[in-house]
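Heads up: the structure comes next, in structure tokens.
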Amino acid sequence: FKIIKDKIAASKDTDQARVKQKYALVKHHDRAGRMTDILEYSDVTLPRARFAPGLVEELQSLAPTQVEVEGDWVMIRHMYIERRMRPLNMVLEHADDATREHAIAEYGNAIRELAAVNIFAGDLLFKNFGVTRYGRVVFYDYDEIEYLVDCRFRTIPPPPPGFDDMSGDVWYPVGQLDVFPEEFETFLLTDTRVRSAFMAFHADLITAQWWQDAQSAVRRGNLAEVLSYAATARFAPPAPA
């Protein structure tokens, strides 16, 4: 169950109306089996007893225009319902080596297949992806998605002579839709075990060149074959006579 906050953190350049637009985009876009479907509801009424202690108060604090309490009932004015999955960050936290490698391979495949249908997930943190009961990794947080071709994937230029490496300032201009894939390594791959698995399967995803090539393929109208099931589930070709 998802409710949009009335006031979104200042660190995110968005608002309630824009978040709704992102979810509408997903609803009508090719999800490639990597973005969970969303069911949109209005005026959903649930028994207050179904809520964990303190949750109703938290919802009223974060989204007062969306939540109304009347006696033993809680009404939510607008919400999205998605399938239940295990958050990828929690899976990785407790995973053994085999599970971790599979999850990271699937995570990168999800990013690749979304790019093939012109979607850049925006926020690639593991907490925004879930693992289905079949072990498939699916993206489910759409606040910051963009069309792939609208983004500008760049390599960070070298600093100018004499630049103070300890300075918190950047030495290059950054536009609203500029993306620097090499930064993914800094934010995503802090765990050495996760980093090892990611670099084994998806090292090219932290290069601007891969993303630029993906954009070129989309612009040329190349239709990538994106299958929502594993190779082991495919029909085998007939044996030669």
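Observations, loosely collected:
- Any chance Met90 is out of contact with any Gly (no Cβ under 6 Å at 6 or more places or on another chain) and under 26 Å from Glu144 (Cβ atoms): yes
- Answer residue from segment 189-241, given it is among the polar types (S, T, N, Q) and assigned to a helix (DSSP H, G or I) and is surrounded by the most Cβ atoms within 10 Å (Cβ to Cβ) among those: Gln215
- When we screen Asp143, Asp97, Asp169, Asp178 for residues that are farther than 25 Å from Gln209 by Cβ and open to solvent by less than 50 Å² (accessible area, probe 1.4 Å), the only hit is Asp143.
- Residue count for segment 168-182 satisfying the condition of being among the acidic types (Asp, Glu) and at pLDDT 75 or above: 2.
Condition check ((1) at negative phi; (2) β-branched (Val, Ile, Thr); (3) at pLDDT below 95; (4) in contact with a strand residue (DSSP E or B) (Cβ under 8 Å, 6 or more places away or on another chain)) across all residues:
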| site | (1), (2), (3), (4) |
| --- | --- |
| Thr186 | yes, yes, yes, no |
| Phe201 | yes, no, no, no |
| Leu205 | yes, no, no, no |
| Gln209 | yes, no, no, no |
| Gly221 | no, no, yes, no |
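The rows are residues; the columns are (1) without any contact (Cβ under 8 Å) to a residue 12 or more places away in the chain; (2) exposed (fewer than 12 other Cβ atoms within 10 Å of the Cβ).
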{"site": "Phe1", "(1), (2)": "no, yes"}
{"site": "Asp13", "(1), (2)": "no, yes"}
{"site": "Val19", "(1), (2)": "no, no"}
{"site": "Ala52", "(1), (2)": "yes, yes"}
{"site": "Leu55", "(1), (2)": "yes, no"}
{"site": "Leu59", "(1), (2)": "no, no"}
{"site": "Ala63", "(1), (2)": "no, no"}
{"site": "Val69", "(1), (2)": "no, no"}
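Every residue, every condition in (1) in contact with a helix residue (DSSP H, G or I) (Cβ under 9 Å, 6 or more places away or on another chain); (2) among the hydroxyl-bearing types (Ser, Thr, Tyr), yes or no:
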position	(1), (2)
Arg133	no, no
Pro159	no, no
Thr190	no, yes
Gln215	yes, no
Val218	yes, no
Ala231	no, no
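- Taking segment 71-81 as the range and being open to solvent by 70 Å² or more (accessible area, probe 1.4 Å) and closer than 27 Å to Ala24 by Cα as the test, only Arg77 passes.
- Which numbered condition Asp141 fails, given (1) over 20 Å from Arg34 (Cα atoms); (2) of a type in the set (Asp, Glu); (3) touching a helix residue (DSSP H, G or I) at 6+ places or on another chain (Cβ under 8 Å); (4) assigned to a loop (DSSP other than H, G, I, E, B): (1)
- Leu125 vs. criteria in contact (Cβ under 8 Å) with a residue 40 or more places away in the chain, among the hydrophobic types (A, V, I, L, M, F, W, C) and within 19 Å of Met199 (Cα to Cα): yes
The values are calculated or read from the model by the stated rules, or taken from the named source; none is laboratory data. Worth saying up front: this structure is predicted, and the values here are computed from it rather than measured. All Cβ positions, glycine included, derive from the backbone under ideal geometry; neighbour counts span all protein chains shown. Accessible surface is based on the protein model in full, side chains and every heavy atom, while ligands, DNA and RNA are left aside. Shrake-Rupley method; radii C 1.70, N 1.55, O 1.52, S 1.80 Å.
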